[in-house]
Amino acid sequence: MMSYLYGMVATHPTRVDCELVERHEQRIATGEKSGRGVPAWGTAHVCEGNVTTRLQRTPQPYSRRTRSAAQDGMSRTSLTWCPPPGSERGVLQPLVEGASMAVIRVSIASAEAVCSDIRGALRPRRRDALKTDSLAEHVFQLLLERRDQMPSRTPMRTLRAVTWNVLRWSQRADTDVSIGDGMQMPLLQVLWNSGTTDGLVGCTIGAPLWSLLRTEPRGCGICGTVHAARTPERESYAARILVSEPFTDEEWTSVPGDSVFSVTADAHIDHVATASA
């Protein structure tokens, strides 16, 4: 199993795991061999208020140079993404605009109709920012739209509003189709840094999401180094990792399904009421 959705919030600058990067590249190589392919894997980091990205389009599963470039620099907040074979092409994640970044995994019934509803809710400049017909990109622009409409609202409440919009529009588009007739169950997973606060907010509906808390920097078994800046004396270290599939033998715990949550700058995770309520 290979993780392809990953978010990290740490109290001190930290690099993403070598195991994760290696598995992403192996996923690309496997997809290429099978003929199904994957478009790319990507990383994004918040560094001193700026977002930097690295997108890898070609499979180089054993390239130390590629891994080093992907992990260049340390950050307290990072996202990575590698889509499964056969996923839609043309959308390279993480999605980034200004100081905001997100990874979005979404699969719902009547996606075209929902995209139309989202475009109807966007101001012209946000509609113009859409580069593809991807539902993930539409959801990202809706997040930014709702954030800008109510700047005083917390990012977690903004994400919950967007989640409710997407699920409601999907349900409305399929009112004449029952689950027994083959209606697609909604899948929506989001990890988002709004660009207005530290940490991440997220949601998970229709698929597992796993969480891990590290209370000290972890020595890497691949590169042989510690992936975190030196922690000053009297300062405790913590890092919260969120993934769609665990990639180490550490003690991962399941995030409650159908939930919206936040990960604060000190790596603490808070759950709220159901995402679809």
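Between Arg230 and Met185, the modelled labels are 5.1 nm apart [label points 7 Å from Cα along Cα→Cβ]. Under 1.5 on a/c is rounded, so check that first for the range 205-270, then, if it is not, pick prolate when a/b is larger than b/c and oblate when it is not; a ≥ b ≥ c are the square roots of the alpha carbon gyration tensor eigenvalues. Oblate, since a/c reaches 1.5 and b/c is not below a/b. Once the chain from Thr154 to Glu250 is taken as fully extended at 0.36 nm per residue, the excess over their C-alpha distance is 31.4 nm. Here r is the Cβ-Cβ distance between Cys223 and Glu112 and R0 is 51 Å; the resulting FRET efficiency, rounded to 0.05, is 0.70. Sorting 140-146, 225-231, 185-191 by average packing, meaning the other beta carbons within 10 Å per residue, from highest down gives 140-146, 185-191, 225-231.
Counting 0.36 nm for each residue step from Thr196 to Leu213 and taking away their Cα separation leaves a gain of 3.7 nm. Packing here is the average count of other Cβ atoms within 10 Å per residue, and on that basis the peptides 76-82, 241-247, highest first, run 76-82, 241-247. One decimal place: the segment Ala238-Ala99 gains 47.7 nm when fully extended, by the rule 0.36 nm per residue minus the C-alpha distance.
A protection proxy built from the mean count of other Cβ atoms within 10 Å ranks the segments 210-221, 257-268, 156-167, most packed first, as 156-167, 257-268, 210-221.
Any read-out appearing in this document is the output of simple, stated calculations on the displayed coordinates, not a laboratory observation. Model, not experiment: these values are computed from the prediction. Here Cβ is always computed from backbone atoms with ideal geometry, including for glycine, and neighbour counts include all displayed protein chains.
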